[in-house]
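**Student:** Handing you a structure now.
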Amino acid sequence: MRVKMGRRELREQVFKLLFRAEFNEKEEMPEQCRLFFEDEENAAAEKNREEIRGKLDRILERLEQIDEMISNTARGWTVARMGKVELTIIRLAVYEMKFDEDVPEGVAINEAVELAKKYGGNESPGFVNGVLARFV
């Protein structure tokens, strides 16, 4: 197991867990985290797991507020109409842009577009970029 994950890897792990939150009750998320980290592919040092869980918890605490911001900003789109992958990426990026002082807005957008390229469909990067650009 690697000792130190880079910011991109940490962000990707947060994205994967945040995606699970779409399909599980909030009370189930501690168990989902445990199962997530048991998977060989997601193995992480304890320090990284704490950082990932902490960021996930902070996002989940503000999820209603974040979704409201997205719905108010993404013209013609509600969170209910967005694809789950794109919505999860946008939620993570909006959290980073508005509530995480360690992440510059440009970095949050760029990293979101990279996640969209990796996990979304052909239209995902442009859609994610377009929605997030409205926040700047």
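The values are calculated or read from the model by the stated rules, or taken from the named source; none is laboratory data. Keep in mind that what you see is a predicted model, and the values were worked out from it rather than measured. Neighbour counts run over all protein chains shown; Cβ positions are idealised from the backbone, glycine included.
**Student:** Among the residues in the stretch 94-114, are any in contact with a Ser or Thr (Cβ under 7 Å, 6 or more places away or on another chain) and surrounded by 13 or more Cβ atoms within 10 Å (Cβ to Cβ)?
**Tutor:** Step one: list which residues in the stretch 94-114 are in contact with a Ser or Thr (Cβ under 7 Å, 6 or more places away or on another chain), which gives none.
No, the stretch 94-114 contains no residue that is in contact with a Ser or Thr (Cβ under 7 Å, 6 or more places away or on another chain) and surrounded by 13 or more Cβ atoms within 10 Å (Cβ to Cβ).
**Student:** While we're on this one: Exactly one condition in (1) closer than 18 Å to V136 by Cβ; (2) among the β-branched types (V, I, T); (3) in contact (Cβ under 8 Å) with a residue 60 or more places away in the chain is false for V85; which is it?
**Tutor:** The failed condition is (1).
**Student:** Just checking, how many residues over the stretch 1-26 are more than 15 Å from the chain's Cα centre (by Cα), closer than 21 Å to K84 by Cα and either at pLDDT 90 or above or not in a helix (DSSP H, G or I) (or both)? Lay out the reasoning, then the answer.
**Tutor:** From the stretch 1-26, those more than 15 Å from the chain's Cα centre (by Cα) are 1-6, 24-26; that's our starting set.
If we keep only those that are closer than 21 Å to K84 by Cα too, we end up with 24-26.
After this cut, where a residue has to be either at pLDDT 90 or above or not in a helix (DSSP H, G or I) (or both) as well, the list is 24-25.
Residues meeting the conditions: 2.
**Student:** Among the residues of the stretch 33-47, what is the count of those that are outside any helix (DSSP H, G or I) and within 14 Å of E9 (Cα to Cα)?
**Tutor:** Step one: filter the stretch 33-47 for residues outside any helix (DSSP H, G or I), giving 39, 43-45.
Pick out the ones that are also within 14 Å of E9 (Cα to Cα) and you get 43-45.
Looking only at that region, the number is 3.
**Student:** Return the residues of the stretch 66-93 that are more than 13 Å from the chain's Cα centre (by Cα) and surrounded by 13 or more Cβ atoms within 10 Å (Cβ to Cβ); say none if nothing qualifies. I'd like the intermediate steps shown before the answer.
**Tutor:** Of all residues in the stretch 66-93, those more than 13 Å from the chain's Cα centre (by Cα) come to 68-83.
Hits for the stretch 66-93 are M69, I70, S71, T73, A74, W77, V79, M82, G83.
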